[in-house]
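Take a look at the structure below.
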Amino acid sequence: MTTLVVGASGYLGSEVAARAGRDVVGTRSADLDITDRAAVLALVSAVRPRVVVNCAYRNDSWAVCADGAAHVALAAAAVGARLVHVSTDALHGGRPTPYGDAEPPTPVHMYGAAKAAAETAVTAIDPSAVLVRTSLIVDGDGRSKQIALCRDMIEGRIPGGALFADEYRCPVDVGDLAAAVLELAASDVAGTLNVAGPEPVSRVRLGELVAARWGLDPARIPVDTVAARGLHRPADVRLDASRAAGLLATPLRPVSEILARPLT
Ligand SMILES: NC(=O)c1ccc[n+]([C@@H]2O[C@H](COP(=O)([O-])OP(=O)(O)OC[C@H]3O[C@@H](n4cnc5c(N)ncnc54)[C@H](OP(=O)(O)O)[C@@H]3O)[C@@H](O)[C@H]2O)c1
């Protein structure tokens, strides 16, 4: 049973591909540009996968996040493949209460809007697809862009930058998420599903956990708030992932457990 991982050179995609067993085909953007509809259909028709996992993304590209997701969904549907589409919490606008699985997007920036458009397209093309809404992806080794950002802030590599005390997310471990994605690929779960960690933390708290793990001084965390800077970005976005936690055998561990020990 071939699994096709689109975006297999990326952070999540490489983890999914590594866990997908022997019969896996992974693509980089150099192999397959998902903005090219005909190329996507040609590759998927040649591979004839049973499962397609779309992890491809570029933060600043509507063509990749929205059009590309539709092209992948069309091609997967053409060969009758099970589709797992990776989505994001960033399609929500932010509010003080957690978001349920099926809440309609309220994007406030282009990336969120593109991911929202992708969800609409994917669902219209294949209502049986599962759309995994996830949050900050982290790990205990420091490969995560989110962890790197915290370390760069604490070590003063981003002049004027800050971690925000009012910006909340539900970080998830990259291995937990990859295992959950593959478990969902083998299921018949359909529609949007929050797959995130159970512990909401502010960016500042995430910075404190990172400081403790990598032996950095937490007093050097540059702290500010989204509100004080008047930034147009979603601040408080907590995903209620209790349905996923009940459906999945894969545990979705809290971030304070993922980053628990100081690294020696
Ligand atoms: N990272 C997070 O904290 C986070 C949080 C929430 C949601 N997500 C979602 O999780 C998914 C994976 O994110 P990630 O952090 O693993 O991303 P990533 O590390 O930046 O990887 C992105 C992947 O997409 C590929 N790609 C880029 N442009 C492409 C194109 N035109 N055609 C085909 N492939 C293309 C890249 O290939 P090349 O490297 O070969 O160019 C790479 O394999 C995305 O859907 C994202 O929205 C991520």
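Under a 5 Å amide H cut-off, with hydrogens placed 1.01 Å from N, Asp236 pairs with Arg95, Tyr168 among residues at least 5 apart or on other chains.
Counting only Cβ charges, +1 for Lys and Arg and -1 for Asp and Glu, the dipole size of the stretch 91-160 around its Cα centre is about 200 debye. In the stretch 161-264, the portion of solvent-accessible area held by carbon and sulfur atoms comes to 52 percent [1.4 Å probe, whole percent, DNA, RNA and ligands not counted]. Here the 3J(HN,Hα) profile of the stretch 108-123, calculated from phi with Karplus coefficients 6.51, -1.76 and 1.60 at θ = phi - 60°, is 10, 9, 4, 4, x, 5, 5, 5, 5, 4, 4, 4, 4, 5, 4, 5 Hz, Gly and Pro shown as x. Counting only Cβ charges, +1 for Lys and Arg and -1 for Asp and Glu, the dipole size of the stretch 190-234 around its Cα centre is about 120 debye. Toward the positive end of the charge dipole of the chain, with +1 on the Cβ of Lys and Arg and -1 on the Cβ of Asp and Glu, the farthest Cα among Val223, Thr35, Ser14 is that of Ser14. Listed values for the stretch 171-188 are Karplus-derived 3J(HN,Hα) couplings in whole Hz (6.51 cos²θ - 1.76 cosθ + 1.60, θ = phi - 60°), namely x, 10, 6, 4, x, 4, 5, 4, 5, 5, 4, 6, 5, 5, 4, 8, 10, 10, and x replaces Gly and Pro. Put simply, the amide H of Thr192, placed in the peptide plane, has neighbours under 5 Å in Leu131, leaving out anything fewer than 5 places away on its chain. Panel values: the stretch 144-190, Kirkwood radius from alpha carbon pairs, Stokes-Einstein at 10 °C and 1.306 mPa s, translational diffusion coefficient 119 µm²/s.
Within the accessible area of the stretch 1-149, what % is carbon and sulfur when the probe is 1.4 Å and the other protein chains stay in place? Looking at the stretch 1-149 in its full context, I get 55 percent from C and S. The dipole here belongs to the stretch 11-127: it is taken about the Cα centre, uses +1 on the Cβ of Lys and Arg and -1 on the Cβ of Asp and Glu, and is about 280 debye. In the full protein context, the stretch 186-249 carries 47 Å² of accessible surface per residue, based on a 1.4 Å probe and ignoring ligands, DNA and RNA.
Label-to-label distance for Ala46 and Asn59 is 3.2 nm, based on points extended 7 Å past Cα in the beta-carbon direction.
Within the stretch 94-182, none of the chymotrypsin sites (Phe, Trp or Tyr not before Pro) combine a DSSP coil assignment with at most 11 other C-beta atoms in a 10 angstrom radius.
With both labels modelled 7 Å from their Cα along Cα-to-Cβ, the Leu247 to Ser187 distance reads 0.5 nm.
For the stretch 195-208, backbone phi angles converted through the Karplus equation (6.51, -1.76, 1.60; θ = phi - 60°) give residue-by-residue couplings of 10, 8, x, x, 10, x, 9, 6, 4, 5, 4, 4, x, 5 Hz, Gly and Pro being listed as x. For Val5, the residues whose modelled amide H falls within less than 5 Å of its own, excluding neighbours fewer than 5 places apart on the same chain, are Val25, Gly26, Thr27, Val53. Annotation: the antiparallel percentage among DSSP beta bridges lying fully within the stretch 99-214 is about 25.
Of all beta bridges that DSSP places with both ends in the chain, some 5 percent have antiparallel geometry. For the chain, the relative contact order comes to 20 percent (Cα pairs under 8 Å, sequence separation of at least 6).
With protein chains left intact and a 1.4 Å probe, residues in the stretch 23-176 average 39 Å² of accessible area per residue.
Each of Ala235, Val181, Leu248 was placed along the dipole of the stretch 169-264 (beta-carbon charges, centred on the mean Cα), and the one lying farthest toward the positive end is Ala235. Mark the label point 7 Å from the Cα of Ala148 along Cα→Cβ and return the residues of the stretch 23-39 whose backbone N is within less than 19 Å of it. Backbone N within reach: 28-30.
The values are calculated or read from the model by the stated rules, or taken from the named source; none is laboratory data. Keep in mind it's a predicted model, so treat the numbers as computed, not measured. Ideal geometry is used to build each Cβ from the backbone, glycine not excepted, and the neighbour counts take in all protein chains shown. These area figures cover heavy atoms from the full protein model, side chains too; ligands, DNA and RNA do not enter into them. Shrake-Rupley method; radii C 1.70, N 1.55, O 1.52, S 1.80 Å.
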